[in-house]
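Laboratory data are not the source of any read-out in this text; all were calculated from the coordinates shown. Just so you know, these numbers come straight off a predicted model, no measurement behind them. Here the Cβ is made from the backbone with ideal geometry for all residues, glycine too, and neighbour counts use every protein chain on show.
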Amino acid sequence: MIIVLKQNASPADVEELTKMLESHNATVSKTVGARSTLLDVIGDTSNIDMDNVMANPAVESVRRIQEPYKKANRKFHPDNTVIKVGNAIFGGGKIPVIAGPCSVESEEQIVEVAQAVKEAGATLLRGGAFKPRTSPYSFQGLKADGIELLLEAKAATGLPIVTEIMSPAHIPLFEDVDVIQVGARNMQNFELLKELGKLNKPILLKRGLANTIEELLMSAEYIMSEGNEQVILCERGIRTFETYTRNTLDVSAVPVLKRLSHLPVIVDPSHASGITWLVEPLSLAAIACGADGLIIEVHNDPKHALSDGAQSITPADFARLMPKLGELAKACKREV
Ligand code: PEP
Ligand code: MN
């Protein structure tokens, strides 16, 4: 961290600032130039609050040299984090595909979709039980019953299940869930992230609608700093000025995240596009740019889906998509 001091900085303020920085175990050295004086702060500066530094009247400006996230940072953990869930391995060179409906709607629906996606090669089943909907009048999910139905589909197929949590109060209901999803809208629900950090279970953390890559990594840091280092990051499209697609898939976020962090990065082409025919090209793009997995919405009757029908592909489409993904993965010296 480099701090530029004001020309008229009072020695008392500079001393107070130095003490504050040293209290975080940082080493502070002063460089006096012709025009300005700099404080060079060395050590682990991730727990130094920039606002605190700026609040000192001696400070003109401050710049971080080191990223504010530590546990998620590849600099301190050069090897990929590998997360195993059932037969799926995230971050280990394979490309697991999570598939299933947006919402769990009934036993027949979830079991039928689970069997179909398993047959086509998916290694995890997704399905929302607690649904974050823009309108309070839209289908809100089957809640605890939805989780029970997912567990039935798991028993029928052996597929591990992924489902979204919205409140820390619901954590006990997720005991048998294999991967807990934090949706885009809750990426910065810090109390939820901290509680999930106390579990010993993989967390699928989606990027917020309007959050930066660094904010996503800071949210991962919230989970990891509580002890749970099994975090899978998910790029699911961000809000831009474009209205043709539901969101804009930020493909560059995938290699950027993989460069900055050792955590696995997966892509959700369904929420990124909102349109069924875009699921295939965006899935291929994700694999080509190095994604460690995909999460795809599949519904056995998209026209009558209770949520996200317009972006849900059918089991037949999914079965046609999987071999295409496999071929590209092979060309990239990887495997679906
Ligand atoms: C979902 O996975 O169904 C979902 C609501 O996703 P997101 O949080 O990315 O919008
Ligand atoms: Mn959805």
* Note the full-extension length gain between residue 200 and residue 23 as 0.36 nm times their separation in residues minus their Cα-Cα distance, in nm to one decimal. => 60.5 nm
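Apply the membrane-span-like helix rule to the chain: whole DSSP H runs, Cα extent along the own long axis of at least 15 Å, mean Kyte-Doolittle hydropathy at least -1.0. List the helices found. Don't skip to the answer; put the middle values down first.
Numbers: long enough: 11-22 (16 Å, -0.39); 107-120 (20 Å, -0.17); 144-157 (20 Å, 0.54); 213-224 (16 Å, 0.80); 276-288 (19 Å, 1.38); 315-331 (25 Å, 0.02).
Membrane-span-like by this rule: 11-22, 107-120, 144-157, 213-224, 276-288, 315-331.
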* Structure fact -> Cβ density ranking, 10 Å radius, fewest first, applied to 240, 18 yields 240, 18
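Can you list which of the chymotrypsin sites (Phe, Trp or Tyr not before Pro) found in segment 173-274 are DSSP loop residues with at most 12 other C-beta atoms within 10 Å? Let's see the in-between values first.
Details: sites: 174, 190, 222, 241, 244; in loops: 241, 244.
When the chymotrypsin sites (Phe, Trp or Tyr not before Pro) of segment 173-274 are filtered for loop state and at most 12 Cβ neighbours within 10 Å, 241, 244 remain.
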* To do: Starting from the Cα of residue 19, draw a straight line to each of the lysines and keep only those under 18 Å, dropping any in the same chain fewer than 8 residues away.
  => 6, 30
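Relative to the present Cα-Cα distance, how much length would full extension add between residue 324 and residue 2 at 0.36 nm per residue of separation?
Values: separation 322, 0.36 × 322 = 115.92 nm, distance 4.94 nm.
Extra length from residue 324 to residue 2 when fully extended: 111.0 nm.
Net charge near residue 279, counting Lys/Arg +1 and Asp/Glu -1 over other residues with Cβ under 14 Å of its Cβ? Show your work: numbers first, answer last.
Details: positive: 126, 236, 246, 320, 324; negative: 268, 280, 297, 308, 317.
Every neighbour counted, the sum reads 0.
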* Asked: Using a basic spin-label model with each label point 7 Å from the Cα along Cα→Cβ, how many nm lie between residue 133 and residue 64?
  -> 3.8 nm
* Farthest toward positive dipole pole in the chain [+1 Lys/Arg, -1 Asp/Glu at C-beta], among 28, 199, 163 -> 28
* Return, for the Cα atoms of segment 184-330, the radius of gyration and Dmax in Å, separated by a comma. => 15.5, 43
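Show me the GluC sites (Glu not before Pro) within segment 216-320 that DSSP assigns to loop and that have at most 12 other Cβ atoms within 10 Å of their Cβ. Don't jump to the answer; show the numbers that get you there.
Working: sites: 221, 226, 229, 235, 242, 297; in loops: 226, 229, 242.
Passing both the DSSP loop test and the Cβ count: 242.
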* Structure fact -> Sorted by chain and then number, the residues having a modelled amide H within less than 5 Å of the amide H of residue 231, at least 5 places away or on another chain, are 203
* Taking the chain as a Gaussian network, where each spring joins two C-alpha atoms under 10 Å apart, which residue of 112, 15, 148 fluctuates the most? -> 15
* **Per principal axis, descending, Cα span of the chain in whole Å** => 73, 44, 37
* Asked: Given R₀ = 30 Å, FRET efficiency for residue 40-residue 175 by Cβ-Cβ distance, to 0.05?
  -> 0.05
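Gain in length, residue 244 to residue 152, computed as 0.36 nm per residue apart minus the alpha-carbon separation, to one decimal in nm? Working shown, then result.
Numbers: separation 92, 0.36 × 92 = 33.12 nm, distance 3.76 nm.
Extra length available between residue 244 and residue 152 comes to 29.4 nm.
In the structure displayed, which of 71/324; 70/118; 198/303; 84/198; 84/131 lie more than 30 Å apart, Cα to Cα? Walk me through the numbers on the way to the answer.
Details: 71/324 35 Å; 70/118 37 Å; 198/303 40 Å; 84/198 19 Å; 84/131 26 Å.
Flagged as over cut-off: 71/324; 70/118; 198/303.
When Lys and Arg each count +1 and Asp and Glu each count -1, what net charge do the other residues less than 13 Å away from residue 50, Cβ to Cβ, add up to? Let's see the in-between values first.
Numbers: positive: 63, 64; negative: 49, 51, 67, 214.
Computed value for this residue: -2.
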* Asked: In nm, to one decimal, how far is the modelled label at residue 31 from the one at residue 50, with both set 7 Å along Cα→Cβ?
  -> 2.0 nm
* Asked: Check residue 81: other-chain or 5+ apart residues with amide H under 5 Å from its amide H, H built from backbone geometry?
  -> 263
* To do: Using +1 at the Cβ of each Lys and Arg and -1 at the Cβ of each Asp and Glu in the chain, identify which of 245, 87, 116 lies farthest towards the dipole's positive end.
  => 245
* Residue order, fewest to most beta carbons within 10 Å, for 64, 207 -> 64, 207
* Structure fact -> Rounded to the nearest whole number, the per residue volume of the convex hull around the C-alpha atoms of segment 2-63 in Å³ is 70 Å³
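Based only on other Cβ atoms within 10 Å, what is the fewest-to-most ordering of 195, 119? Present the calculation step by step, with values, prior to reporting the outcome.
Values: 195 18, 119 13.
With the sparsest Cβ surroundings first, the list reads 119, 195.
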* **Anchor residue 75: lysines whose Cα lies under 21 Å away (excluding residues fewer than 8 positions away in-chain)** => 258
* To do: Report, in debye and to the nearest 20, how large the dipole of segment 2-63 comes out about its Cα centre when Lys and Arg carry +1 and Asp and Glu carry -1 on their Cβ.
  => 280 debye
